[in-house]
1. With the requirement that a residue be closer than 25 Å to residue 120 by Cβ and out of contact with any helix residue (DSSP H, G or I) (no Cβ under 8 Å at 6 or more places or on another chain), what does the stretch 147-192 give you?
2. Within the group 212, 245, 235, which residue is outside any helix (DSSP H, G or I), closer than 30 Å to residue 276 by Cβ and in contact (Cβ under 8 Å) with a residue 24 or more places away in the chain?
3. Check off (1) outside any helix (DSSP H, G or I); (2) surrounded by 17 or more Cβ atoms within 10 Å (Cβ to Cβ) for residue 114 and give me the number that stays unchecked.
4. Does residue 10 satisfy the criteria of being loosely packed, with under 10 Cβ neighbours inside 10 Å, assigned to a helix (DSSP H, G or I), out of contact with any helix residue (DSSP H, G or I) (no Cβ under 9 Å at 6 or more places or on another chain) and at pLDDT below 85?
5. Report, ordered by the first and then the second residue, all pairs with beta carbons closer than 9 Å, sequence separation of six or more or different chains, a first member in the stretch 27-44 that is outside the structural domain of residue 265 (by TED's automatic domain parsing), and a second member that is part of a helix (DSSP H, G or I) and surrounded by 10 or more Cβ atoms within 10 Å (Cβ to Cβ).
6. Residues that are surrounded by fewer than 17 Cβ atoms within 10 Å (Cβ to Cβ) and under 30 Å from residue 232 (Cβ atoms): does the stretch 52-63 have at least one?
7. Select from the stretch 117-143 the residues that are free of Cβ contacts under 8 Å to residues at least 40 places away in the same chain, farther than 22 Å from residue 212 by Cα and over 22 Å from the mean Cα position of the chain (by Cα) and list them in ascending order.
């Protein structure tokens, strides 16, 4: 008898991979577009970073000299210390108020069934799904009408509109994972609703509260439209100050503006890294697509 050698599993898998790669030009096109986009993005960010350290840079691959003086000049010219303090004040206030409002609302949506629940849930999701400028202008008009815009309180109120839904979107699955039998047992033991919420549920919800707080912090620091429409001279955050520095009248060194942009990018990168450490984006996407129970 003649022995027939069967192909090994490794050889079969390797051949299949080669056939899939060779037979999928669309995949190569998509990956090529992604690579080109990343190169383009890195080039833009890299040029800003290099220019923020350059003395002069005209028609050459690298600047003619390197200095860190533009950062100190940007810190002084744009009053970045006060801007950063204002940004932190706005972000801290928005985080605290969003958690105080969003966590109880999440509890109601997770535990209670009532007429119009889907409509309420959709109303909370609209500020996330819609571009901020679409409701930012009417919101700013109302705030200016009641003398609430142009100051710190107006910026905080405007940023609460998209940030409270973020807390609800993050906290609802955390609350749904907690067995309601724990609450029933506490009520049978004589505990009141406030005690159940503060002593039993709150410790279990710490990961969700932390995740939602970080999301709100990142969104508030990066929010431009609502802050720009409602900010005043004493309530300008870092992203709005960067925009104003680019469009201000007069002659200003581009290197100092780039230095300010690098500072802003660094702050956002740190916040995003921390956010991704505690928040799973796929969980949030799944929660948006999930239809609430009637």
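The values are calculated or read from the model by the stated rules, or taken from the named source; none is laboratory data. Predicted model only: the values in this text are computed from it and were never measured. All Cβ positions, glycine included, derive from the backbone under ideal geometry; neighbour counts span all protein chains shown.
1. 177, 179, 184, listed by residue number.
2. Values: 212 fails: outside any helix (DSSP H, G or I); 245 fails: outside any helix (DSSP H, G or I).
One residue alone meets the criteria, 235.
3. (2)
4. Numbers: loosely packed, with under 10 Cβ neighbours inside 10 Å: yes; assigned to a helix (DSSP H, G or I): yes; out of contact with any helix residue (DSSP H, G or I) (no Cβ under 9 Å at 6 or more places or on another chain): yes; at pLDDT below 85: yes.
Yes; evaluated as a whole, the condition is true for this residue.
5. Listed pairs, sorted by first residue: 27/20; 27/21; 28/21.
6. Looking for residues that are surrounded by fewer than 17 Cβ atoms within 10 Å (Cβ to Cβ) and under 30 Å from residue 232 (Cβ atoms), one finds none in the stretch 52-63, hence no.
7. Listed by number, the residues that qualify are 119, 138, 141, 142.
To keep it simple, each residue is scored yes or no on (1) out of contact with any helix residue (DSSP H, G or I) (no Cβ under 7 Å at 6 or more places or on another chain); (2) under 29 Å from residue 110 (Cβ atoms); (3) exposed (fewer than 12 other Cβ atoms within 10 Å of the Cβ); (4) modelled with pLDDT of 80 or more.
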{"site": "247", "(1), (2), (3), (4)": "yes, no, yes, no"}
{"site": "258", "(1), (2), (3), (4)": "no, no, no, yes"}
{"site": "264", "(1), (2), (3), (4)": "no, no, no, yes"}
{"site": "268", "(1), (2), (3), (4)": "no, no, no, yes"}
{"site": "274", "(1), (2), (3), (4)": "no, yes, no, no"}
{"site": "278", "(1), (2), (3), (4)": "no, yes, no, no"}
{"site": "281", "(1), (2), (3), (4)": "yes, yes, yes, no"}
{"site": "286", "(1), (2), (3), (4)": "yes, yes, yes, no"}
{"site": "293", "(1), (2), (3), (4)": "yes, yes, yes, no"}
